[in-house]
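Have a look at the structure below, then the notes.
Taken together, the values in this text are just the output of simple stated rules run on the coordinates, not laboratory data. Keep in mind that what you see is a predicted model, and the values were worked out from it rather than measured. Here the Cβ is made from the backbone with ideal geometry for all residues, glycine too, and neighbour counts use every protein chain on show.
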């Protein structure tokens, strides 16, 4: 007797988690091209970062990945999705990163779903130097 296999479509929460995990993977591998695909073309990044409060486009982040002398995965980088909340076509995700270029980060992402794809529209970060833990 044939078996019917039905695969439940991924929930919105699972889809958003997948985008944030792809961000973690792109960061770990210093893959700026992959990271760029996760962000909306008008995305912004802001945060309390080394050197003070910064706001602007994600371009400096992409450039840092491109210019990395070692992949973060080779220096002990870890990322963990802490939470995801979805509100219709909007979502908020929290990501904790450890040991990225000498800092730990707490990040809050805002994502929008458009055309069936979830994209990061903003990222707000707070960095703590590892030697300050």
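Considering all different alpha carbon pairs of region 12-132, the Kirkwood hydrodynamic radius works out to 14.4 Å.
Which whole-number percentage describes the relative contact order of the chain, with Cα contacts under 8 Å and a sequence gap of 6 or more? Show your work: numbers first, answer last.
Numbers: 227 pairs, mean separation 32.9, N = 133.
Normalised by residue count, the contact order of the chain is 25 percent.
So what's the angle, to the nearest 10 degrees on a 0 to 90 scale, between helix 12-28 and the longest Cα principal axis of the chain? That works out to roughly 40 degrees. Ranked by the mean number of other Cβ atoms within 10 Å of their residues, highest first, the peptides 19-25, 53-59 fall in the order 19-25, 53-59.
Give the distance, in whole Å, between the Cα centre of region 60-75 and the Cα centre of region 33-54. What the calculation gives is 14 Å, centre to centre.
Between residue 131 and residue 99, the simple spin-label model (points 7 angstrom out along Cα→Cβ) gives 1.8 nm. Computed across region 63-114, the Kirkwood hydrodynamic radius from all distinct Cα-Cα pairs reaches 12.6 Å. Dividing the summed -39500 (n - 2.57) terms of all DSSP H runs of n ≥ 4 by the residue count of the chain sets its mean residue ellipticity at 222 nm at -7000 deg cm²/dmol. Using R0 = 22 Å, the C-beta based FRET efficiency linking residue 112 and residue 13 works out to 0.90.
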